[in-house]
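Following: one structure in structure tokens, then a few remarks.
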Amino acid sequence: MNVVKASHTIKGEMNETQAMRWRNFLAFWILGLCNNYGYVVMLSAAHDILKDRFEPPGASKSEAFTNFTIENPRGCNEVSTGAILLADIMPCLLIKITVPFLPFFVNFRLALCIIAQIMGFLSVAFATTPWLTILGVILTSVSSGLGEVTLISYSHKYGRESIAAWSSGTGGAGIAGAFSYAGMRMIMNTEQTLLVMLLVPAMEAIAFWFILPHPKEQSIIKYGISSQEEIIAIPKKSISEKFQLVPGLLIYIIPLSLVYLFEYFINQGLHELIQFDNIWLNYADQYRWLQVDYQIGVFISRSSASFITFKRVWLMAVLQFLNIILFATEAIFFYMPSIWIVFGLTLWEGLLGGAAYVNTFINMAETIPAEDLKDSLGIATMADSLGITLAGWLSMLVHAAICRIPRPIR
């Protein structure tokens with residue numbers, strides 16, 4: 001009888017543990033999706049935000065037609081979508097630099113993330129002035145950056161599966177954000193679309209406070225070959241010691257920064273200038289669906305590390321630069337006969353970007369000594385943000401230059 005009871009007890013504990021693991025996985029997947037969703041939506045909505053909020057008074061708000069004038073021969077937005085990119089990435093970069101050194105109050109931080117995302121969506125939806133629109137984008141960026149720093153740190157309590165779930169969710173946010181925005185904008189205006197998206201911060205709150213089990217502070221799940229106690233035992237480096245790692249990391253940082261510089265320059269500096277006349281998509285829709293196409297490529301390649309890896313990330317930077325030449329010449333001369341060629345190149349661009357990201361960190365994990373790996377990974381995460389920031393500034397300069405060139409007849 002006691003043996004039977006013990007057997008049932010063991011099975012019950014195993015079932016309970018399995019259920020907890022699934023709850024952890026589901027919660028972190030949703031958290032990853034919700035955390036990055038707003039960031040992706042703001043980039044996907046950049047063209048509409050600029051057209052609705054930054055056009056001069058009296059200008060046409062029609063999506064189907066662009067305002068072509070002698071001063072504006074291409075009907076460009078007054079401000080490049082690179083401005084939205086900068087508002088979307090710079091606060092996130094600042095958060096990543098500062099927050100890891102502040103006290104770790106996880107519930108307070110998550111509450112701030114959710115409030116910031118709600119206020120960001122509302123500010124952009126109801127903004128009547130450009131500065132309020134930019135403030136909304138900044139609030140969304142703060143929410144994304146603070147959530148990433150907090151939840152990746154918090155995942156140490158749940159083991160490796162939580163990190164995998166988080167990564168998968170953030171990858172899915174690219175497709176879900178771009179696709180849902182593009183889809184809803186076909187039947188709603190920008191304001192209505194952003195109000196519907198208030199469901200996302202609500203989902204994040206449910207995932208964190210109701211789905212995710214919260215272990216006691218001293219209860220830390222062991223994972224891999226090392227436990228949390230062993231990780232803490234690694235001597236902490238001083239600020240000067242961390243700076244000494246930087247020269248050796250340039251072989252990882254420079255190629256990844258260049259890949260992100262090139263691809264975000266394409267997305268936020270050139271995509272809005274590529275226009276196909278008299279097709280089933282108007283100019284605004286063309287921009288939105290190119291963003292969806294790009295995110296699909298990123299998601300596929302970020303999920304490919306289990307099947308194929310690459311050592312030469314610098315080669316991806318070279319290939320991405322070649323993409324710039326193709327997209328830039330198309331934006332100037334309109335020589336490609338079909339938008340499907342642009343869609344194909346955009347998918348390829350996304351594949352290169354996602355592959356560069358995942359392979360950079362895999363290569364680091366395989367080559368950097370264990371005592372330097374944690375700090376090295378942290379330093380290298382700045383690479384994509386730095387590249388994206390440079391792309392935002394460059395996009396605005398090139399946008400102004402191309403918009404002064406007469407529009408060719410396709």
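The values are calculated or read from the model by the stated rules, or taken from the named source; none is laboratory data. All of these numbers come straight from a predicted model, not from anything done at the bench. Please note: Cβ atoms are built from the backbone with ideal geometry, for glycine as well, and neighbour counts cover all protein chains shown.
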>> I'd like the full set of residues that are hydrophobic (A, V, I, L, M, F, W, C), within 27 Å of the chain's Cα centre (by Cα) and either over 11 Å from LEU26 (Cα atoms) or modelled with pLDDT of 95 or more (or both), limited to region 209-221.
In response: TRP209, PHE210
>> Can you tell me which of (1) loosely packed, with under 15 Cβ neighbours inside 10 Å; (2) under 20 Å from LEU319 (Cα atoms) is the one ILE405 doesn't meet?
In response: (2)
> If you go through region 254-271, how many residues are under 11 Å from GLY353 (Cβ atoms) and either of a type in the set (S, T, N, Q) or free of Cβ contacts under 8 Å to residues at least 12 places away in the same chain (or both)?
Replying inline: 1
>> SER143 - would you say it is surrounded by 21 or more Cβ atoms within 10 Å (Cβ to Cβ) and at pLDDT 85 or above?
In response: yes
> ARG160 fails exactly one of the following numbered conditions: (1) modelled with pLDDT under 85; (2) out of contact with any strand residue (DSSP E or B) (no Cβ under 8 Å at 6 or more places or on another chain); (3) surrounded by fewer than 23 Cβ atoms within 10 Å (Cβ to Cβ). What is the number of that condition?
Replying inline: (2)
> Just wondering, is there one or more residues in region 30-52 that are more than 27 Å from ASN278 (Cβ to Cβ), assigned to a loop (DSSP other than H, G, I, E, B) and modelled with pLDDT under 85?
Replying inline: no
> Out of region 222-250, which residues are among the β-branched types (Val, Ile, Thr), loosely packed, with under 14 Cβ neighbours inside 10 Å and either touching an Asp or Glu at 6+ places or on another chain (Cβ under 9 Å) or at pLDDT 50 or above (or both)?
Replying inline: ILE239, VAL246
>> Return the pair list, or none, for Cβ contacts closer than 7 Å from residues in region 386-400 that are in contact (Cβ under 8 Å) with a residue 60 or more places away in the chain and aliphatic (A, V, I, L, M) to residues that are buried (at least 24 other Cβ atoms within 10 Å of the Cβ) and not in a helix (DSSP H, G or I), at least 6 apart or on different chains.
In response: MET396/SER80
>> Restricting to region 328-367, name every residue that is within 30 Å of PRO91 (Cα to Cα) and over 25 Å from the mean Cα position of the chain (by Cα).
In response: none
> Would it be correct to say that THR309 is of a type in the set (S, T, N, Q) and either part of a helix (DSSP H, G or I) or without any contact (Cβ under 8 Å) to a residue 12 or more places away in the chain (or both)?
Replying inline: no
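What residue, of ILE279, ILE253, is at pLDDT 90 or above, among the aliphatic types (A, V, I, L, M), out of contact with any Gly (no Cβ under 6 Å at 6 or more places or on another chain) and farther than 25 Å from LEU33 by Cβ?
Exactly one of ILE279, ILE253 is at pLDDT 90 or above, among the aliphatic types (A, V, I, L, M), out of contact with any Gly (no Cβ under 6 Å at 6 or more places or on another chain) and farther than 25 Å from LEU33 by Cβ, namely ILE279.
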